[in-house]
Amino acid sequence: MEIIRQLDLHQIVHAALAEDVGQGDLTTAATVASGQAGRARITVKEPGEIVFCGGFMFEKVFAMTGSQPRIAALASDGARLPCGSIAADIEGCLAGLLTGERAALNFVQLMSGIATATRRFVDAITDTRARIIDTRKTHPGLRALEKYAVRCGGGANHRFGLDSGVLIKENHIAAAGGIVSALERTRALAPHTFRIQIECETLGQVEEARAAGATSILLDNMTLDEMREARRITGDGVILEASGGVTLDSVREIAKTGVDLISVGALTHSVKAVDLSMRIEIV
């Protein structure tokens, strides 16, 4: 939760409510008596099982819609919840609960979807040396929440932003004039505490990068045989990351090639939100 504690959740929730509520919730104003108290029950509707994530967003959203929320029950982040489970029971001013319903559910459904998808990938590579990691392919403004959700699903985070790690990609290599030049120029600039990773698209580039002293190599869209050969070339002293087109059907075979990390952009850029439903009771 450390990255969440440092995050300005107020700003994120404010932006979500600004686009959804605008100048006011006309429907709720017309149908809910002033001061009416209520209870909101959040239920899992997704078939099978989800990994719940983001429950703290309920309180953040409902507090900003004036519901004065009281959390009666809330599932833990990372908990596996079957269809029909109660994820949360929240009491407060009914108007505020209804006004914040969609924004709150949008956050938690997305985060739970990411955590659920991540857990499926993590479970698929059990008993291998590999770890599932995310990418920077996140929704603008929601990166911290989405990367937190990946961790709740058992995955790990790649660099948070461009200032938190070094990854020399194909365009950087081209701009620098080659792998050796790119590595040399990066070492001259990057702090000694940063690990320098370089992307390779061919085994020839892997050999060149290894000879130039690379300690972390991203294997971009390589075949299984090429990944195995890259491991042979580098030995165990180099961190190898597999990237590109990873699916649930292919991830275990990729893990068995001996790579250390498998990055999956789909965890965040094209994940399906889980189905949660909110129903209210008058109290």
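Rule-based calculations on the coordinates, nothing more; no lab input. Small disclaimer: the values here were computed from a predicted structure and weren't measured. Backbone-built Cβ (ideal geometry, glycine too); neighbour counts: all protein chains shown.
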- Query: Any idea what % of Cα-Cα pairs in the chain are farther than 36 Å?
  - Reply: 29
- Could you tell me, in Å, what Rg and Dmax come out for the Cα atoms of the range 90-197? 19.5, 63
- Message: So for each of 233-240, 255-262 I average, over its residues, the number of other beta carbons within 10 Å; can you give me the resulting order with the highest mean first?
- Response: 255-262, 233-240
- Query: For the peptides 90-101, 217-228, what is the packing order when you average, over each peptide's residues, the other Cβ atoms within 10 Å and list the highest mean first?
  - Reply: 90-101, 217-228
- State the extension gain, in nm to one decimal, for the chain segment bounded by A37 and V283, taking 0.36 nm per residue of separation less the distance between their alpha-carbons. 88.0 nm
- Listed residue (A73, L17, G244) projecting farthest to the positive dipole end of the chain, Cβ model: A73
- Message: Output wanted: per-residue J couplings in Hz (rounded whole) for the range 268-283, from phi through Karplus 6.51 cos²θ - 1.76 cosθ + 1.60, θ = phi - 60°, x for Gly and Pro.
- Response: 10, 7, 9, 6, 8, 5, 7, 9, 10, 10, 10, 10, 10, 10, 7, 10
- Can you spot the lysines whose alpha carbon is less than 30 Å from K60's alpha carbon? Ignore those fewer than 8 places along the same chain. K45, K137, K147, K272
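Among H269, H158, H10, what is the fewest-to-most ranking by other Cβ atoms within 10 Å?
H10, H269, H158
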- Query: Listing V150, V122, V264 from the residue with the fewest other Cβ atoms within 10 Å to the one with the most, what is the order?
  - Reply: V122, V264, V150
- Message: What number results when the radius of gyration of the range 127-269, computed over Cα atoms, is divided by 2.2 N^0.38 Å?
- Response: 1.03
- Note on the structure: Listed by chain and number, the aspartates and glutamates with an alpha carbon less than 20 angstrom from that of K169, same-chain partners under 8 positions apart left out, are D134, E184, E199, E201, E207, E208, D220, E226, E241, D260
- Message: Using each residue's phi in the range 199-209, evaluate 6.51 cos²θ - 1.76 cosθ + 1.60 at θ = phi - 60° and report the 3J(HN,Hα) Karplus result to the nearest Hz, with x for Gly and Pro.
- Response: 8, 10, 9, 9, 5, x, 5, 4, 4, 5, 5
